[in-house]
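Let me begin by presenting the structure, written as structure tokens, before commenting on it.
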Amino acid sequence: MKLVFATNNKHKLEEVKTIISNDFEILNLKDINCFDDIPETQDTIEGNASQKAFYIYENYKMNCFADDTGLEIDVLNGEPGVYSARYAGEGCSFDDNIEKVLKKLSGVSNRKAQFKTVISLVINGKEYQFKGIIEGTLLKERRGTSGFGYDPVFLPKGYDKTFAELSSEEKNKISHRGTASRKLAEFLKNR
Ligand code: ITT
């Protein structure tokens, strides 16, 4: 069965592809000639995942799933949350976003945060959602070079390495997206 993964983020694509069974042919947006700026205008992670998946289902008539992820920082009441990709402004880099978080947490001792992923799957017009959460803390400086986004400053609970110091296999085993993707894979296997 063919399934579109509605993402422009190549890191996400690689992480998820390793988990979904080979029985499914995962197509990316380029594969279906979609170069649209897919709207993400909802105010929840669940809402945005749903919006991205339905956009492809409705406009390209293909079964599809989409991931929306946010970093939720305790002392900032869950910020940046749905704004994680553009926290430092439209067109900002991963590094700009980290810089903004580090500034906001400067001098703050409670550095608890979590990543939350919601994957929305739309098959024949019906939607199913799968969630994954990982708790951790935010360091005061970057460590490691693998991964993407906020990985260099995120220390998962019970680990002494940041997500950017872990291999992609190690990150996948415990991460928000790994958990949500395994739930999706299990669902697809049992259909
Ligand atoms: P798509 O919408 O095209 O899938 P995106 O990068 O815009 O890709 P999101 O809307 O889900 O993805 O934005 C989430 C942002 O949160 C993302 O840009 C990263 O900065 C960050 N992020 C997501 N997953 C992450 C991870 O596993 N590790 C670190 N940061 C992550």
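The values are calculated or read from the model by the stated rules, or taken from the named source; none is laboratory data. Everything numeric here is computed off the predicted structure, so don't read it as measured data. As a convention, Cβ positions derive from the backbone with ideal geometry for all residues, glycine included, and neighbour counts pool all protein chains shown.
Numbers at a glance
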quantity: In the range 85-97, residue nearest to the ligand (Cβ to nearest atom) [restricted to those that are assigned to a helix (DSSP H, G or I) and in contact with a Lys or Arg (Cβ under 9 Å, 6 or more places away or on another chain)]; calculated: Asn97
quantity: Only one of Val82, Val122 that is part of a helix (DSSP H, G or I), touching a strand residue (DSSP E or B) at 6+ places or on another chain (Cβ under 7 Å) and surrounded by 15 or more Cβ atoms within 10 Å (Cβ to Cβ); calculated: Val82
quantity: Enumeration of residues in the range 40-50 that are more than 10 Å from the ligand (Cβ to nearest atom) and within 18 Å of Ile119 (Cβ to Cβ); calculated: Gln42, Thr44, Glu46, Gly47, Ser50
quantity: Neighbours by Cβ (under 7 Å, 6+ apart or cross-chain): first from the range 162-189, within 23 Å of Lys2 (Cα to Cα); second within 11 Å of the ligand (Cβ to nearest atom) and of a type in the set (A, V, I, L, M); calculated: Arg177/Val16; Ala180/Val118; Ala180/Ile119; Ser181/Val16; Ser181/Ile119; Leu184/Ile119
quantity: Set Lys171, Lys100, Lys183, Lys140: member being away from the ligand (no atom under 15 Å from the Cβ) and assigned to a helix (DSSP H, G or I); calculated: Lys183
quantity: Qualifying residue in the range 61-69 (condition: hydroxyl-bearing (Ser, Thr, Tyr) and not in a strand (DSSP E or B)); calculated: no
quantity: Unmet criterion (only one of (1) touching a residue at least 12 places away in the same chain (Cβ under 8 Å); (2) over 26 Å from Gln51 (Cβ atoms)) for Lys131; calculated: (2)
quantity: Close pairs from the range 77-92: first among the aliphatic types (A, V, I, L, M), partner outside any helix (DSSP H, G or I), Cβ under 6 Å, at least 6 apart; calculated: Val82/Gly70
quantity: The range 143-152 - residue that is within 9 Å of the ligand (Cβ to nearest atom) and either part of a loop (DSSP other than H, G, I, E, B) or β-branched (Val, Ile, Thr) (or both) and, of those, nearest to Leu102 (Cα to Cα); calculated: Tyr150
quantity: Lys12 touching a residue at least 60 places away in the same chain (Cβ under 8 Å), within 12 Å of the ligand (Cβ to nearest atom), basic (Lys, Arg) and under 20 Å from Ser175 (Cα atoms); calculated: yes
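Here's the yes/no breakdown for (1) modelled with pLDDT under 95; (2) closer than 15 Å to Ala180 by Cβ:
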| position | (1), (2) |
| --- | --- |
| Phe5 | no, yes |
| Thr18 | yes, yes |
| Asn63 | no, no |
| Gly70 | no, yes |
| Pro80 | no, no |
| Phe94 | no, no |
